[in-house]
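Report on one structure; see the data block that follows.
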Amino acid sequence: MDNVTVVTGGSRGIGAATCLRLAGDGHRVAVGYLSNAAAAQKVVDAVRAAGSEAIAVRADTAAEDDVVALFAAAADRLGPVTGLVNNAGIASALGRLADLKTDELRRVMDINVIGAFLCARQAARVMTAGGAIVNVSSTAATLGSPGNYIHYAASKAAIDALTVGLAKELAAEGIRVNGVAPGFIHTEFHEQTGDPNRAANVVSRIPVGRLGTPEEIAEAIAWLLSPAASYATGTTLRVAGGL
C-alpha cells in the first residue's frame, strides 16, 4: 500500500520519533506542528535522509480550517492520505483541580479533545478502505492523575472513547482506529507541568524502573498502522512499563 500519513504534533517527542519510524516503513509523512518551524523542518530533513518524503505544515489542531488545510496539503503534495497519528496534545501546570485556571482547562480541552476529534473527523472524511488512525492517549486516562492534572487525564479518557466509537463506525468501510496509551516517557512534555524534574521523580512508581522512550511508543504506533495489525481495531495498546 502507498502510505501517506499525517502526524500531528510531529515536530518533537513521540511525534518526531513516529515520523522517523514510519519513514523506515516507507510512509510519506506530513509533519504537523504548531509553533516550532525549525524543529518540524529538522524532522522533515531526517525523514528525507531516511529515504522517504515529508513536508512540514503548520496547523493549530483546535482550528477547523487549519485541520482541513493540513490534510489538503498532505494530499496535494504527498498523495491521498491513508493514515493519521492523532498525537498533538498539551498539559498545564501540575496542581489540584480546585486550583485549575479556567483558561488552562479550556486550552487543554481544545487541543486534546476538540483538536483530536477534528483530525479524526477529517481523516474519516478523506480515507478509503485500508486507512488507519492511531490516537495517542495516556495511562492518565485510567489512573486519573489526582493532584497532578485531572483535566488532562479526562481529556485522554475522551480519546479512548473516540477510539472505541469511531472504530465501530468505520469498520465496515475498511478503516481501522486504534490507540496507544504511553506511560511516563522521556520527552519535553514534562516541562509543560512546571516541574522540570518530574520525569526523574516518578521513576520509582514505574514497575520496570525506568522511563520509556519516544522510540518505544513509535514502534507501537507503527505496528498499529501496519498490515500486521489488520485484525486490530477499537483497542488501545498500553505501553507504560507496567503502570
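List of remarks:
- Among the residues examined, A56 qualifies as surrounded by 21 or more Cβ atoms within 10 Å (Cβ to Cβ) and within 21 Å of A120 (Cα to Cα).
- Listed by position, the helices (runs of 4 or more DSSP H) enclosed by region 115-222 that each have at least 2 residues that are crowded, with 21+ Cβ neighbours inside 10 Å and touching a helix residue (DSSP H, G or I) at 6+ places or on another chain (Cβ under 8 Å) are 116-126, 140-143, 150-170.
- In region 78-94, residue modelled with the lowest pLDDT [restricted to those that are crowded, with 22+ Cβ neighbours inside 10 Å and in a loop (DSSP other than H, G, I, E, B)]: A91
- Meets criteria (over 24 Å from G130 (Cβ atoms) and crowded, with 17+ Cβ neighbours inside 10 Å) for D99: no
- Residue among L170, L162 that alone is closer than 24 Å to A74 by Cβ and either out of contact with any Phe, Trp or Tyr (no Cβ under 8 Å at 6 or more places or on another chain) or aromatic (F, W, Y) (or both): L170
The values are calculated or read from the model by the stated rules, or taken from the named source; none is laboratory data. Predicted model, so just to flag it, every value in this text is computed and none were measured. Note that we place each Cβ from the backbone using ideal geometry, even for glycine, and neighbour counts take in every protein chain shown.
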